[in-house]
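No lab work stands behind these numbers, since they all come straight from the coordinates. Predicted model, so just to flag it, every value in this text is computed and none were measured. Please note: Cβ atoms are built from the backbone with ideal geometry, for glycine as well, and neighbour counts cover all protein chains shown.
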Amino acid sequence: MGAGTYKLTMPGAMLERGFWLYVWRVETPRGDMHYVGRTGDSSSPNATPPYQRMGQHLGHAKTQNALRRQLISAAVSPEECRCFELISHGALFPEQADMEAHRAPRDVVAALEKRLAEALDGAGYHVLNTVHCRKALDDGLWRDVKDAFVEYFPKIGEY
C-alpha cells in the first residue's frame, strides 16, 4: 500500500469514562460486518471511554483486540477494509469507585449489550460476535438504547 492521507473526527463526549454500548460497522470487501461491545468489563472496576477501545480493538494485543480477531476469523484482513465506523451510546452510568459498586451497572449494560447484538443479528445485520450474558434485561433502558441505535440500524426497529 502506498502512503495516504486520512481524517478521523471524534466528538469530545466520547472521552467520558463510564459504561457505554457501541457497535462497530465495518465495510469489508465481503460486505458490512458488525461487532457489538460495551465498556465496563468484568476484569476490573474501570469503565473506559469508547475512544480508548477503538485502538485496542484494532491493535495487536491479543487480550484486547476482539474486533481484529473476529475479522480475521471471518477471513477478512482489517487493513483491507474500506471503513470502520464506531457508533457509541452512553455513558449509561458513570465509572464506579470500586469493584463492588462496578458490578451492578456492569451487569445492566452486559444484558443490554447481549440484547443489542441479538436485535442486530435478528434484523439481518451480519454480527461477528456472540455476546453471552445471563443477567436480567432492564426493558425500559433497552427501549432507550434501541431508540438510540435505530437511527443507524433502522431494521432493529422492526425486531
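Brief remarks on what is shown
- With K and R counted +1 and D and E -1, the other residues having a Cβ less than 14 Å from that of residue 83 yield a net charge of -1.
- Relative contact order of region 21-158, pairs being alpha-carbon contacts under 8 Å that are 6 or more residues apart, as %: 29
- Peptides 141-147, 107-113 ordered by average Cβ neighbours within 10 Å, highest first: 107-113, 141-147
- Shape of region 88-142, Cα gyration tensor, a/c cut at 1.5: prolate
- A simple charge model with +1 on the Cβ of Lys and Arg, -1 on the Cβ of Asp and Glu and nothing else charged puts the dipole of the chain at about 380 debye relative to its Cα centre.
- Cβ-derived FRET efficiency at R0 30 Å, residue 141 paired with residue 74, nearest 0.05: 0.45
- Alpha-carbon centroids, region 130-159 and region 21-64: separation in whole Å: 18
- Farthest towards the positive end of the charge dipole of region 22-150, among the residues 61, 130, 73, is the Cα of 73, using unit charges on the Cβ of Lys, Arg, Asp and Glu.
- The share of alpha-carbon pairs in region 21-158 lying farther apart than 24 Å comes to 28%.
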